[in-house]
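Okay, so here's the structure we're looking at.
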Amino acid sequence: MDEPVYQPLVILTRTGDLGSAYVLVARLQSEGVSALVRGEPMGPYPVTVGQMAVTEILVPDDEFESATALLEELTIEATSTAVEPAGFGESPAIGTSFMWWLVAAVVLATMIWVRLSRYL
């Protein structure tokens with residue numbers, strides 16, 4: 001019986017987005033390149049912060065050249081969907097936002113006044 005031949009795996013690329021990693025692996029596999037995903041976000045307690053959020057895409061050593069060529073062809077422009085983090089930029093309803101802050105300040109001041117009026 002023939003022994004299976006195992007190729008060492010090498011890291012093709014790293015990404016911080018697990019969904020993009022799966023899409024890239026599916027594309028590589030559709031082109032005949034064996035690929036797999038490895039990283040902390042795939043575990044039972046997914047971590048999506050800092051270096052622990054990194055997902056690696058691995059390919060066999062003998063398929064690295066073809067995978068690199070495919071990766072260069074698949075230029076995905078992440079800047080085309082520029083999304084600002086919450087809390088940054090101008091709010092479309094600045095009046096409503098100001099009103100909620102004003103209501104919160106009045107409620108907080110009233111609570112403090114009621115608490116302190118007992119001791120005065």
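The values are calculated or read from the model by the stated rules, or taken from the named source; none is laboratory data. In this text, all values refer to a predicted model and were calculated from it rather than measured experimentally. Glycine gets a Cβ as well: all are built from the backbone with ideal geometry, and neighbour counts include every protein chain shown.
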**Study point:** Test result for TRP100, part of a helix (DSSP H, G or I), over 30 Å from VAL10 (Cα atoms) and modelled with pLDDT of 85 or more
**Key:** no
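Evaluate the following for SER80: is it modelled with pLDDT of 65 or more and small (Gly, Ala, Ser)?
Spelling it out, it is not the case that SER80 is modelled with pLDDT of 65 or more and small (Gly, Ala, Ser).
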Practice item. Could you please give the count of residues in segment 18-53 that are outside any helix (DSSP H, G or I), at pLDDT 80 or above and either surrounded by 12 or more Cβ atoms within 10 Å (Cβ to Cβ) or in contact with a strand residue (DSSP E or B) (Cβ under 9 Å, 6 or more places away or on another chain) (or both)? Key: 8
Point to revise | Residue list for segment 20-40, filter: under 19 Å from PRO8 (Cβ atoms) and in contact (Cβ under 8 Å) with a residue 40 or more places away in the chain | key: LEU28
